[in-house]
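Below is one structure, written out as structure tokens; the observations come after it.
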Amino acid sequence: MFETIKTEIKGKTGWITLNREDRRNSLNPLAVRELSESIKMFDADENVISMVLTGAGNKAFCAGMDLGSSEALDLSFLDRHELQRQFVDLLKIVKTLRKPLIARVQGTALGGGFGLMSACDLVIAADDIYCGTPEINVGLFPYIITAVLLRATTNPGALLEMMLGGEKISATRAVELGFINHAVKREELDTRVDEISAKLNKKSPAVLRLGRRAFYTARDMSYEQALEYLSGMLALNMQAEDMMEGIMAFMEKREPNWKGK
């Protein structure tokens, strides 16, 4: 179905693998389009509750935009701009998903790949990987992913230093800065990803959708606006069938039977 990525469903989790290992899973125009399509496909699949995004092989999660390939070198100025716009659209799609997206980072995440990783809801990485923004080393600045990274980090000053210096940071440092949730030994990576996705898959799909959307919407609001908005979201959530099922299951000491409504 796709040329640059692989997709599969494991239980209730949709897996998307960037499958350009020979190009360090970098993103060419086709890969950007297919990644957008596969994410939307799983987001619309009622049998899928969570999603995992990863890369083929162990060397690279994603090396960003593939601007050094023969295909990219043949692009006109306007075509290059259009490719960048498609990447912007991909990041917008990720933000508006109905389902949680987990990044399984098994290799280096650089440039746009670092931005793509940080756009995911949860990031689980092998503790020997590196991430960073090396664009300035070739006369560029990571403009587009700045919007993502600023919202992901707990230390904007350290982010700016990384951007201006073009240096890579370790997984441990990325955890300290808020870009990675868990950095684990490589042999434990799949176990941790499966544990977290399984935990999400036991929750109400309806409340996962409402809560995820509320989180990102409130994040970009002022404090007063967020309180008013979240008050309305609570009232909406209390009308959900799954809320009543959750309460009944708690009282009856049983597992809830979510309807996603």
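Assorted remarks:
- Residue in region 253-261 that is under 26 Å from the mean Cα position of the chain (by Cα), assigned to a helix (DSSP H, G or I), surrounded by 12 or more Cβ atoms within 10 Å (Cβ to Cβ) and of a type in the set (K, R) present: no
- Test: residue in region 34-41 that is on the phi > 0 side of the Ramachandran plot and at pLDDT 95 or above: no
- Criterion: in a loop (DSSP other than H, G, I, E, B) and in contact (Cβ under 8 Å) with a residue 40 or more places away in the chain - qualifying residue of F141, F179, F114: F179
- Residue match in region 64-85 (condition: under 14 Å from the mean Cα position of the chain (by Cα), under 29 Å from L210 (Cα atoms) and not assigned by TED's automatic domain parsing to the domain that holds L210): no
- One residue from I124, I129, I145, I102 being crowded, with 22+ Cβ neighbours inside 10 Å, among the β-branched types (V, I, T) and in contact with a Cys (Cβ under 7 Å, 6 or more places away or on another chain): I102
- Among the residues of region 242-254, some residue qualifies, meaning at least one is among the basic types (K, R) and modelled with pLDDT under 95.
- Search result, residues across region 98-111 that are in a loop (DSSP other than H, G, I, E, B) and in contact with a strand residue (DSSP E or B) (Cβ under 8 Å, 6 or more places away or on another chain): K99, P100, Q106, G107, G111
- Of the numbered criteria (1) surrounded by fewer than 16 Cβ atoms within 10 Å (Cβ to Cβ); (2) out of contact with any strand residue (DSSP E or B) (no Cβ under 8 Å at 6 or more places or on another chain); (3) at pLDDT 95 or above; (4) not polar (S, T, N, Q), the one D220 fails is (3).
- Tabulated pairs, region 145-168, first among the acidic types (D, E), second part of a helix (DSSP H, G or I), C-beta under 8 angstrom, 6+ apart or interchain: E167/P134
So that you can scan it fast, the table gives a plain yes or no per residue for (1) of a type in the set (A, V, I, L, M, F, W, C); (2) modelled with pLDDT of 95 or more:
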{"residue": "H81", "(1), (2)": "no, no"}
{"residue": "K92", "(1), (2)": "no, yes"}
{"residue": "V105", "(1), (2)": "yes, yes"}
{"residue": "M117", "(1), (2)": "yes, yes"}
{"residue": "D128", "(1), (2)": "no, yes"}
{"residue": "V138", "(1), (2)": "yes, no"}
{"residue": "L149", "(1), (2)": "yes, yes"}
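The rows are residues; the columns are (1) acidic (D, E); (2) touching a helix residue (DSSP H, G or I) at 6+ places or on another chain (Cβ under 8 Å); (3) farther than 14 Å from L110 by Cα.
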{"position": "L159", "(1), (2), (3)": "no, yes, no"}
{"position": "I169", "(1), (2), (3)": "no, yes, no"}
{"position": "E176", "(1), (2), (3)": "yes, no, yes"}
{"position": "F179", "(1), (2), (3)": "no, yes, no"}
{"position": "H182", "(1), (2), (3)": "no, yes, yes"}
{"position": "D190", "(1), (2), (3)": "yes, no, yes"}
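- Single match in G232, G246 (criterion: surrounded by 15 or more Cβ atoms within 10 Å (Cβ to Cβ) and over 30 Å from A56 (Cα atoms)): G246
- Looking only at region 18-31, and only at residues there that are surrounded by fewer than 22 Cβ atoms within 10 Å (Cβ to Cβ) and of a type outside the set (K, R), the one that is nearest to G111 (Cα to Cα): N28
- The residue that is nearest to the chain's Cα centre (by Cα), among those in region 144-176 that are of a type in the set (S, T, Y) and part of a helix (DSSP H, G or I), is T146.
The values are calculated or read from the model by the stated rules, or taken from the named source; none is laboratory data. Just so it is clear, the structure is predicted and the values come from calculations on it, not from any experiment. Please note: Cβ atoms are built from the backbone with ideal geometry, for glycine as well, and neighbour counts cover all protein chains shown.
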